[in-house]
Amino acid sequence: MKKCLYFHFWADIDTSPTQMEIIRSLIQNNFQIDLIHETRDFLLPPDFPKDSVKCFAVSSWKNCAKETIEFIDEQQINAPYSFIIAVDMQGLYVALPHSKRFNIPLIYLSCELTFMDELTNEEDIRLKKIEIQGTRIAQLIIIQDEERGNLLAKENSLPMGKFIYLPNSPKDNEKVYTNNYLRKKLFIPAGKKIVLHAGSFDTWTHGEELLSSALKWDDQFVLVIHTRHIPQSGDFVSENINRYFSDKIFFSTHPLPYDKYGEIISSSDIGLVLYKQSPTKYTQKNLYHIGLSSGKFSYFARHGKPVIASDLPSYQKIFKHYNNGLCIPDIQSINDALLYVEKNLSKMGHNNRQFYENNIDIKPFINKLLQSIRKIIQ
């Protein structure tokens, strides 16, 4: 059995379609995965056999090398790794020495783009320099689409031949269905149209502005906020739950496992895909060019739900071609957009499903990735 050493240091691995589908596909193709991650709770789908995915938790990516050196050395001696997958700069920082030391082929998975001219502290600049070095050494770079690939290639001076595209999209569930999960769970009255904001809920996704706007929406709409983390006392979500108590706003605060997440999406009527740029390392050009790296957008497309999105170039282009959503210039424009989409709900939802089938069904992309991996480890 071939073995993969996988470094991931974000809390969202079980809400990342890209990574869940990579791991599932490797398992199905008889790969053993040693997953190195920070000590945070996440839920791997139950069809991931425990003997196929071995999880090794570390206190932080900064301490990873020290905490895993004995484990990795022992594994490498007993059954050498065929390749390494490193996620983002932090994963590459830890993976690069092991790749060099044992001459293990390296694959880089870019989920978040960073740019040297947007970094302000020394640690991030140091990590970026390591990313540049590591991407030049890596045999393969996985990124969501050509737009983001071109940006990373230019930023790190890389040949485009290294890239393989993998949209951040779940596998097809083979049928579009609708259920009443959110209505039953949150006691939403029949006849109300559910407008869903799913995933990260914070200032960079227009959190409080969205809640304030929803109070003024037409009475046929209600807003549901579904968060991937259970709110903690004093955090952004819990404070806003207390502040915005209304029959127009509902909070769903108990995350579902990866393979059940579609139940939330399918029980909505209209999806929100909102991003707010701000001067931090991940919320400038990374958001402006978010493209097919938005998991929430791909879920709404899979389930045939029309979307209202921030006015970004990638969505402008998609909506112009498919008529599957609307871009809005600001949060105050959501109500008018909702009224338009509601009148065209079935058609726009059907069009978004067509967009999924034509462009981001992950199966053919995964097949190409597996072919590339086999070539690397021959």
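Summary of computed values
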| read-out | value |
| --- | --- |
| Computed magnitude of the charge dipole of the chain (debye, nearest 20; Cβ of K, R +1, Cβ of D, E -1) | 920 debye |
| Per-residue [θ]222 nm for the chain (sum of -39500 (n - 2.57) over DSSP H runs n ≥ 4, rounded to 500) | -12000 deg cm²/dmol |
| Environment charge at Glu118 (Cβ cut-off 13 Å; Lys +1, Arg +1, Asp -1, Glu -1) | -1 |
| Eligible lysines near Lys154 by straight Cα distance, threshold 16 Å, same-chain separation 8 or greater | Lys128, Lys129, Lys162, Lys285 |
| Among the listed pairs Lys343/Lys363; Lys3/Lys66; Lys50/Lys171; Lys260/Lys296; Lys185/Lys248, those beyond 25 Å (Cα-Cα) | Lys343/Lys363 |
| Least to most buried among Leu96, Leu109, Leu158, Leu345 (fewest other Cβ within 10 Å first) | Leu345, Leu158, Leu96, Leu109 |
| Structure-derived volume of the Cα convex hull per residue in Å³: which label, when the choices are (1) 161; (2) 138; (3) 193 | (2) |
| Rounded FRET efficiency, nearest 0.05, which uses the C-beta distance separating Asn358 from Asp47 and R0 of 35 Å | 0.80 |
| Computed lengthening from Ile69 to Thr120, 0.36 nm per intervening residue step minus Cα-Cα distance | 15.3 nm |
| Inter-part distance where segment 110-129 and segment 201-226 are each reduced to a Cα centre, Å | 32 Å |
| Pairwise centroid distance, computed over Cα atoms, of segment 357-375 with segment 4-40, Å | 16 Å |
| FRET efficiency for Leu339 and Glu146, using Cβ-Cβ distance with R0 set to 35 Å, rounded to 0.05 | 0.50 |
| Highest-MSF residue in the chain out of Phe245, Phe163, Phe355 [GNM, Cα springs under 10 Å] | Phe245 |
| Exposure proxy ranking, count of Cβ atoms within 10 Å, fewest first, for Val341, Val87 | Val341, Val87 |
| In range of the label at Asp218: residues from segment 165-206 whose backbone nitrogen is under 11 Å from the point 7 Å along Cα→Cβ | 193 |
| Exposure proxy ranking, count of Cβ atoms within 10 Å, fewest first, for Leu92, Leu287 | Leu287, Leu92 |
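Here, each number is a calculation from the coordinates, and none is a lab measurement. A quick note: this is a predicted structure, and the numbers were derived from the prediction, not measured. Methodologically, a virtual Cβ is constructed for each residue, glycine included, from the backbone with ideal geometry; neighbour enumeration extends over all protein chains shown.
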